[in-house]
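The values are calculated or read from the model by the stated rules, or taken from the named source; none is laboratory data. Here the structure is a predicted model, which means the values were calculated and not measured. Note that each Cβ is placed from the backbone with ideal geometry, even for glycine, and that neighbours are counted across all protein chains shown.
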Amino acid sequence: MTETFQGSFTQQEPIPDEGIEAAMRVLQSGRLHRYNVGPDEQGETALLEQEFAAQMGAKYCLAVASGGYALATSLRALGVKPGDKVLTNAFTLAPVPGAIASVGAIPVFVGVTENLVIDLEDLRAKAAQADVLMLSHMRGHLCDMDLLMEICDATGLKVVEDCAHTMGAKWKETLSGRHGAMACYSTQTYKHANSGEGGLLVSDDDELMAKAIMLSGSYMLYERHLARPPMEVFENVKYETPNISGRMDHLRAAILRPQLRDLDQQVARWNERYRVIEDGLRDTPGLTVVERPEQETYVGSSIQFLLLDWDADKIDDVLQRCAARGVELKWFGGAEPVAFTSRYDSWRYAPSEAMPETDRVLAGVIDMRIPLTFSVEDCAFIASIIRAEVSAVWQEG
Ligand SMILES: *Cc1c(COP(=O)(O)O)cnc(C)c1O
C-alpha cells in the first residue's frame, strides 16, 4: 500500500504569543487607527516602520494595507500615468500586472528563463518601451541583480522591486529590495510574515517616500511617522499628491513586529526544509531541479521544479497522483487559471506578444508551498512521494 501525506499545505504557524499579547493591548486601548495615538505614544504602526527600515538598511519605510497596494503606490509615486507602459515579468502573480493596470498603465511582459528569473536579454530588448520596470522576484528566484541594475541604469529604467517572496533574501551581501528605487513586501498570510493582509514599502528616496506617505492617506499627520523623510520634503508634495487611502492599522503592526524580529530564524527553518525536498528530488528522471546561484541567499518558502517538454496530460497525471497521496502541487502551465496560478496570456486586459521560450518554461513549472508547520521528516516524505509519482509517469513514456 502506498502511504499518503496527511499535512495541510495551507496551515501556517500560529501568531507568536508576544504578537497576540501586543494585539490584545491594542484591542483593549480601542486605538486601532495608526494616527489614533495617546499623548507621547508612538504607536505600533510607526514603530513597525522604524524597525523594518532598520532591518532592511533602508532610510524610509511605509506600512500599508497590502502588497498590491504598495506596488500601485510605488508606481504613482514614480509618476506613472495612464497609458504609460510598465515592464514586468511574464512569470508572476496576478496582483503585479493588476497594480500596473490599477493606475491605467499597460503591462509589457518580459520573458522567464529556465532558472525562473527574468530574461535579461529580453529586458534589454524591451527597455526602451518604458521608464519603469516592476521586477517581481517571483517565487523567490533572484536574477543576476548586478547585471539587471547595469541594464536598467544604462537605459534609464527605474526599478520597483516586488519582494513578496524575497523578504529576508539576498543577492551577494545586499538584501532583496535594496537595489531598486522602491521595494514592496507583502505580509499577507501566505508570505514571510503573517498579518492576514498587509504590505510594506521601503525606499531611500526623499521625494518618492514623501509622496508614498501622502498617497497612503496620511492627511497632514505625516509628522507622526518615525521612518519618513524630513518635514520640509512634504512641503513640495502635500498639495499635489492625492490621498488614496490604504493605511495599515495598529493591530496588524502589533502582530507583525515580533514576527519580523524572528525573520532570520524563520528563513533558516524554511531553507532546512527546502534543501531536504530539493535533495529528495535531485536526479529524478524527467524532472529538472531549479539550481540556485551561489550569489543568492534565498528563502525556501516554496519550491519549484520543471517537467520540461512533458505532454500536458502526463503533467496532469503527475498532479493527480501526487494529490491522491496528499501532496498539493500547482501548475503554472495549465490552459485555464486555477486558484493563484495564472499566466501572462490569461491577463487579457494586457495583450502580449507570443513568447515561445517563456511558454516552454511556464508549461513545465510545478510549484509547491512549504509551510513551516511541516517537519523536516514531512519534507523528506513529500519529496519521496513526488519522486515516486514523477518516475512512475515518466516510465510509462
Ligand atoms: C502576494 C503577492 C503580491 C501581492 O501581495 P498582497 O499582499 O496579496 O496584495 C504581489 N506579488 C507577488 C509575487 C505575490 O505573491
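Descriptive notes on the structure:
- Among the residues making up the stretch 105-128, those that are among the small types (Gly, Ala, Ser) and surrounded by fewer than 23 Cβ atoms within 10 Å (Cβ to Cβ) are 125, 127, 128.
- Residues located in the stretch 90-102, provided they are more than 12 Å from the ligand (Cβ to nearest atom) and either under 18 Å from residue 176 (Cβ atoms) or buried (at least 18 other Cβ atoms within 10 Å of the Cβ) (or both): 90
- Residues that are assigned to a loop (DSSP other than H, G, I, E, B) and either among the aromatic types (Phe, Trp, Tyr) or free of Cβ contacts under 8 Å to residues at least 40 places away in the same chain (or both), drawn from the stretch 324-336: 332, 333, 334, 335, 336
- Wholly within the stretch 125-200, strands (runs of 3 or more DSSP E) carrying at least 3 residues that are out of contact with any His (no Cβ under 8 Å at 6 or more places or on another chain) and within 16 Å of the ligand (Cβ to nearest atom): 132-136, 182-186
- Restricting 87, 71, 62 to residues that are assigned to a helix (DSSP H, G or I) and surrounded by 24 or more Cβ atoms within 10 Å (Cβ to Cβ) narrows the list to 71.
- Positions within the stretch 288-347 being among the acidic types (Asp, Glu), under 21 Å from the mean Cα position of the chain (by Cα) and closer than 30 Å to residue 107 by Cα, in sequence order: 291, 296, 345
- Selection of first residues in the stretch 55-67 that are at negative phi and at pLDDT 95 or above and of second residues that are part of a strand (DSSP E or B) and surrounded by fewer than 22 Cβ atoms within 10 Å (Cβ to Cβ), restricted to Cβ pairs under 6 Å at least 6 apart or on distinct chains, gives the following pairs, ordered by first then second residue: 56/175.
- Considering the stretch 225-280, the residues that are of a type in the set (Lys, Arg) and not in a helix (DSSP H, G or I) include one that is nearest to residue 25 (Cα to Cα), namely 247.
- Under the condition of being buried (at least 21 other Cβ atoms within 10 Å of the Cβ), out of contact with any Ser or Thr (no Cβ under 9 Å at 6 or more places or on another chain) and not hydroxyl-bearing (Ser, Thr, Tyr), the residues counted in the stretch 214-227 number 1.
- Residue check for residue 28: touching a Leu at 6+ places or on another chain (Cβ under 9 Å) and either part of a loop (DSSP other than H, G, I, E, B) or assigned by TED's automatic domain parsing to the domain that holds residue 130 (or both): no
- Selection from the stretch 36-57 of residues that are crowded, with 17+ Cβ neighbours inside 10 Å and part of a loop (DSSP other than H, G, I, E, B): 37, 43
- Search result, residues across the stretch 363-397 that are within 30 Å of residue 194 (Cβ to Cβ) and assigned to a helix (DSSP H, G or I): 376, 377, 378, 379, 380, 381, 382, 383, 384, 385, 386
- Residue match in the stretch 288-300 (condition: at pLDDT 95 or above, of a type in the set (Gly, Ala, Ser) and over 19 Å from residue 379 (Cβ atoms)): no
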